[in-house]
1. What ranking of Asp348, Asp224, Asp318 comes out by heavy-atom accessible area, probe 1.4 Å, highest first?
2. Give the share of C-alpha pairs in each 5 angstrom bin for the stretch 34-185, from 0 to the last occupied bin, in whole percents, shortest bins first.
3. With every protein chain kept in the model, how would you rank Met91, Met239 by accessible area, 1.4 Å probe, largest at the top?
4. Give the percent of DSSP beta bridges with both residues in the stretch 83-211 that are antiparallel, rounded to the nearest 5.
5. Whole angstrom only: what separates the Cα centroid of the stretch 312-336 from the Cα centroid of the stretch 134-169?
6. Amide H neighbours of Val233 under 5 Å, counting only residues 5+ apart in sequence or on other chains, H built in-plane at 1.01 Å?
7. Determine the alpha carbon to alpha carbon distance for each of Lys206/Lys289; Lys31/Lys297; Lys33/Lys225; Lys97/Lys343; Lys108/Lys343 and list only those over 19 Å.
8. At 4 °C and 1.567 mPa s, what whole-number value in µm²/s does Stokes-Einstein give for the translational diffusion of the stretch 200-250, with Rh from the Kirkwood sum over Cα pairs?
Amino acid sequence: LHLPLRRRRFLPPVRCLQKSQPSLLRHLTSKLKATGPITVAEYMREVLTNPVAGYYVRNNMLGPDGDFITSPEISQIFGELLGVWIISEWMGAGRPKQLQLVELGPGKGSLASDVLRVFSQLRSVLGETSVSLHLVEVSPALSLIQAQNLTRDCSQEAVSEDELVYRRGTTAAGLPVFWYRRLDDVPAGFSICVAHEFFDALPIHKFQRTQKGWREVMVDIDPDKPDKLRFVVAPSPTMASSTLIQADERRDHVEVCAEGGSVVQQLSRRITEDGGAALIADYGHDGTKTDTFRSFKGHQLHDVLSNPGSADLTADVDFSYLRRKAGGGVACLGPVSQRTFLKNMGIDTRMQVNISIRSKTIYSQDMFVSRVFYLESQRTTFLYTASGDLRRKNHRLKSAISAEKVYKVSDLVFN
Ligand code: SAH
């Protein structure tokens with residue numbers, strides 16, 4: 001399979017922290033011997049989230065000493081601007097008395113921490129609103145790091161593994177924080193959800209157009225080297241190849257993240273029933289790319305099938321697929337480039353306060369941002385205009401908010 005050369009993540013190569021984890025390869029080869037080839041989705045799920053040896057479950061992979069680095073780890077400005085976006089959405093929704101901030105795949109908790117700093121700065125705007133933070137995180141190791149960053153070690157693990165909330169704590173400002181394994185477990189209520197570099201970690205199915213029709217790409221043991229894995233093409237249609245390809249598909253190779261589609265369906269349902277908005281930021285495309293499945297180790301491209309569990313696996317997010325899955329009950333905006341989104345959110349002004357090379361780096365990241373809203377309200381995000389104001393784009397609603405104070409990014413005091 002062709003691997004694109006574009007690097008998803010950067011920084012020079014550094015010492016690789018993770019030792020090889022032959023147990024996951026052993027587990028996979030014995031499974032393959034017993035059941036035959038597995039789908040790429042199953043391979044990705046096992047490698048990333050196997051409860052004992054999965055890459056995300058075992059490792060702290062973020063940062064210069066890890067395998068990759070992300071915008072929130074590069075600069076606090078990214079999370080701060082998202083904090084402004086969240087508050088503007090909450091205001092646009094009529095300032096509900098309860099605001100659940102939900103983050104999918106929070107990494108080290110840096111994004112949430114930067115968002116909450118903006119919440120503290122705008123405490124007078126939030127007034128008596130009851131704000132809570134809900135983190136969906138599969139990795140117990142990362143949840144601990146998140147807890148250290150967000151609750152200063154004041155968090156408690158659940159006594160029983162059956163509890164939906166597996167950790168809980170309180171931030172220094174007194175906001176309750178809850179950890180869940182799945183979005184389904186987060187309680188109903190008005191929620192604003194952010195997912196940064198989360199969807200690209202969800203398992204994808206891969207399909208190849210052949211003379212006999214679409215066939216699924218599978219993972220099998222290499223017959224010549226029993227401790228090596230290889231890709232094979234299924235000889236006949238699989239459940240996924242029969243159901244996940246669009247009838248008018250023109251590409252010859254397609255990746256479909258069914259799990260990502262189901263997460264977006266859940267988000268849409270929540271937004272339709274309880275109100276709210278979601279923002280998805282990730283490396284991605286709009287239904288045009290083909291083979292994007294790749295692996296990173298120590299900030300370098302790595303063979304996706306070698307030494308499973310020791311390196312990150314990722315695939316670009318197909319935003320056209322997510323939009324289809326969101327359905328007609330919500331409005332989807334974007335994707336737009338991260339650069340455009342940050343520009344509209346006022347990064348230029350913010351950077352005048354704290355100009356750094358790191359801030360410029362997030363500005364130039366080759367990423368997409370997409371938003372999902374409740375359709376009826378037709379709300380749009382605040383746009384940053386040349387005059388320096390944050391103004392509402394939707395003029396129909398303008399009169400309704402004319403009495404509100406309009407905040408400028410430059411008004412906010414950041415630490
Ligand atoms: N959002 C962070 C981290 C990105 S890495 C940032 O931008 O810095 C991906 C994150 O998603 C990690 O926290 C990882 O543990 C989590 N994750 C990956 N797969 C997951 C899954 N299936 N369910 C919940 N969390 C998952």
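1. Correct descending sequence by accessible area is Asp224, Asp348, Asp318.
2. 2, 9, 16, 20, 19, 15, 9, 6, 3, 1, 1, 0, 0
3. The ranking, largest first, comes out as Met239, Met91.
4. Antiparallel: roughly 30 percent of the beta bridges in the stretch 83-211.
5. For the stretch 312-336 versus the stretch 134-169, the Cα centre distance is 28 Å.
6. When sequence neighbours closer than 5 places are left aside, the close amide H contacts are Met218.
7. Lys31/Lys297; Lys97/Lys343; Lys108/Lys343
8. The Stokes-Einstein estimate is 105 µm²/s.
The values are calculated or read from the model by the stated rules, or taken from the named source; none is laboratory data. Only a predicted model underlies this, so the values are computations on that prediction, with no experimental measurement involved. Heads up, the Cβs are rebuilt from the backbone with ideal geometry, glycines too, and the neighbour counts pull from every protein chain shown. Each accessible area value is taken on the protein alone, full model and side chains, heavy atoms only, with ligands, DNA and RNA left out. Shrake-Rupley method; radii C 1.70, N 1.55, O 1.52, S 1.80 Å.
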